[in-house]
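**Student:** This is the structure I have questions about; it appears just below.
Laboratory data are not the source of any read-out in this text; all were calculated from the coordinates shown. None of the values given here were measured: they were computed from a predicted structure. Glycine gets a Cβ as well: all are built from the backbone with ideal geometry, and neighbour counts include every protein chain shown.
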Amino acid sequence: MAWVRACATDEIDEEDVARFDQGDRTFAIYHSPEDAFYATDGLCTHQAIHLADGLVMDHTIECPKHNGRFDYRDGKALGAPVCVNLRTYPVKVEDGVVLVDVG
Amino acid sequence: MAFTGTRRDYGLLGLDAKAAVENGLASAKWYSCPIGRKELKEFMRRSDGPALRDTALWFGLLAFSGGAGVALWGSWWAVLPFAVYGVLYGSASDSRWHECGHGTAFKTRWMNDVLYNVASFMVFREPTIWRWSHTRHHTDTVIVGLDPEFNVMRPADVLAILLNVFAFKNVVLGFKQLVLHASGRVDAEEATFIPDMERPKVFRTARIWLALFALVVLACVLTHSVLPAMLIGLPTMYGAWLQLLFGLTQHAGLDEDVLDHRLNSRTVMMNPVFRFLYWNMNYHIEHHMFPMVPYHALPRLHEVIKHDCPKPYPSLYAAFAEIIPAVLRQAKDPTYFVRRELPSRAKPLDLQPAGPGMVAAE
Ligand code: FES
């Protein structure tokens, strides 16, 4: 377990995503429509484009390069051109802070 | 007179493909006009409404013109409704195929998928193959040796362009590939952009399409008439001319191997009828730079980034006043291209493309 502070809860709008870098690793942090937070690897499994520039719709993140979509809750790739699932990370919220277990 | 100078290798397995990778042009970082995340998010917002309305209108017009064509069949008056039907079927399907392939036409995913498959059949582009080739087109737009969807290669093959006025080249090559795929194979170039796991889908669809075409032929034989094929199949060809006109405006005659869509793509102002048929793909710089923005938001996006882009062409006519002489010149001089002027207050391209990977003619 390695819980690290990613951001404050009010730094990401509902139904949006933000980038979080830690060392040489990069993550995408999501704020879902029902006010929950999730974290995945930051780069798309298709061509390493950062998902923080993408579009969150309900529980999917759409990659900005070729519109590949993932369910950011479990990282599932939802069809071509993304075929490989995204790694997800446990998230908890404490005192208005989003913490990610970067493992 | 045949061109005899140096020739670039547009094949996906050729020398220029290797050169492009070595020069850092593959999957490279592209220029993007400055725009705030909040504003861009507004433009990217999806909805089903506009595409449902446009699709209902499109199929309504197809049914009306097709019905009129059938009713008037046997008289010369049938030419008129079939001319309309053909353009709706063989040209408007191109933009529906395109937008649904990006998944941006509708908010609801299955709606994109259904229309994508229907439009793919109408425009005669195998859905899985072309989804992947278009993905590559967006990764490596107009990069020699990497982009499988070149408008016009240099030296320009004018005869090939003319053959596609009625989609001859596309359909002949497309049928060859369809048979190959139905037999359970992809060719070496396709293998560079279609992952293994997607191939069973390619083979299955090819077989279904061959069966559908066989049914149309059977209907023609049974009815002793070409009418069934006038409704399904042939309009891909006799209605393709407008798709070619629209498609040529996208990149023809412009620079290659440059990591800036402002220099290799055109934005052309069009009338509302053309914009309906083309689903706003005339805003082509905007589309390539921000492929997540749905067609109905592109005119608004254009207003926000136009200060950072070359002047749009005021009409289709103005675009072709540039394209025709450029392509004719490229038939003889493959080094020629139209250099787009960025406005003085535009942000310059800070990403330097590598030098061209010219290879000697065989
Ligand atoms: S890079 Fe994400 S879909 Fe292609």
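**Student:** Find out how many positive minus negative residues lie around B:ARG136, taking Lys and Arg as positive, Asp and Glu as negative, among other residues whose Cβ is under 11 Å from that of B:ARG136.
**Tutor:** Summing Lys and Arg as +1 and Asp and Glu as -1 gives -4.
**Student:** In peptide B:41-47, what is the residue-averaged number of other protein chain Cβ atoms found within 10 Å of each Cβ?
**Tutor:** That works out to 2 on average.
**Student:** Each residue of region B:230-238 in order: what ³J(HN,Hα) in whole Hz does its phi give by Karplus 6.51 cos²θ - 1.76 cosθ + 1.60, θ = phi - 60°, with x for Gly and Pro?
**Tutor:** Result, ordered by residue: 5, 8, 10, x, 4, x, 4, 9, 6 Hz.
**Student:** Just tell me how shielded A:66-72 is by partners: mean number of partner chain Cβ atoms within 10 Å of each residue's Cβ, no decimals.
**Tutor:** 4
**Student:** Given H placed on each backbone N at 1.01 Å, which residues far from A:CYS7 in sequence or on other chains put an amide H within less than 5 Å of it?
**Tutor:** For A:CYS7, whose amide H was placed from the backbone, the distant partners under 5 Å are A:VAL98.
**Student:** Ok, one more. With charges set only on the Cβ (+1 for Lys and Arg, -1 for Asp and Glu), what does the dipole of the protein assembly as shown come to about its Cα centre, in debye to the nearest 20?
**Tutor:** It comes to approximately 1280 debye.
**Student:** In addition: Extending each Cα 7 Å along its Cβ direction at A:LYS92 and B:LEU52, get the distance between those two points in nm, one decimal.
**Tutor:** It is 4.3 nm.
**Student:** Counting only other chains, and only Cβ atoms inside 10 Å, what mean value do you get across the residues of B:134-145?
**Tutor:** 2
**Student:** Would you please classify the overall shape of region B:83-137 from the alpha carbon gyration tensor, given that a ≥ b ≥ c denote the square roots of the eigenvalues, rounded means a/c under 1.5, and beyond that prolate means a/b larger than b/c while oblate covers the rest?
**Tutor:** oblate
**Student:** Ok, one more. With angles folded into 0 to 90 degrees, how steeply does helix B:49-71 sit against the dominant principal axis of chain B? Use alpha carbons for both and round to 10.
**Tutor:** That works out to roughly 50 degrees.
**Student:** Per residue and in cubic angstrom, what volume does the convex hull of the Cα atoms of chain A have?
**Tutor:** In chain A, the Cα hull volume divided by residue count equals 84 Å³.
**Student:** Starting with the highest mean, order B:132-143, B:217-228 by the number of other Cβ atoms within 10 Å, averaged over the residues of each peptide.
**Tutor:** B:132-143, B:217-228
**Student:** Find how many whole Å separate the alpha carbon centroid of region B:269-311 from the alpha carbon centroid of region A:40-103.
**Tutor:** 28 Å
**Student:** What is the sum of charges, Lys and Arg at +1 and Asp and Glu at -1, for the other residues whose Cβ falls under 11 Å from the Cβ of B:HIS181?
**Tutor:** With Lys, Arg at +1 and Asp, Glu at -1, the net is +3.
**Student:** I've got another one for you. Mind giving me the FRET efficiency for B:ALA321 and B:VAL79? R0 is 25 Å, r the Cβ-Cβ distance, nearest 0.05 is fine.
**Tutor:** 0.25
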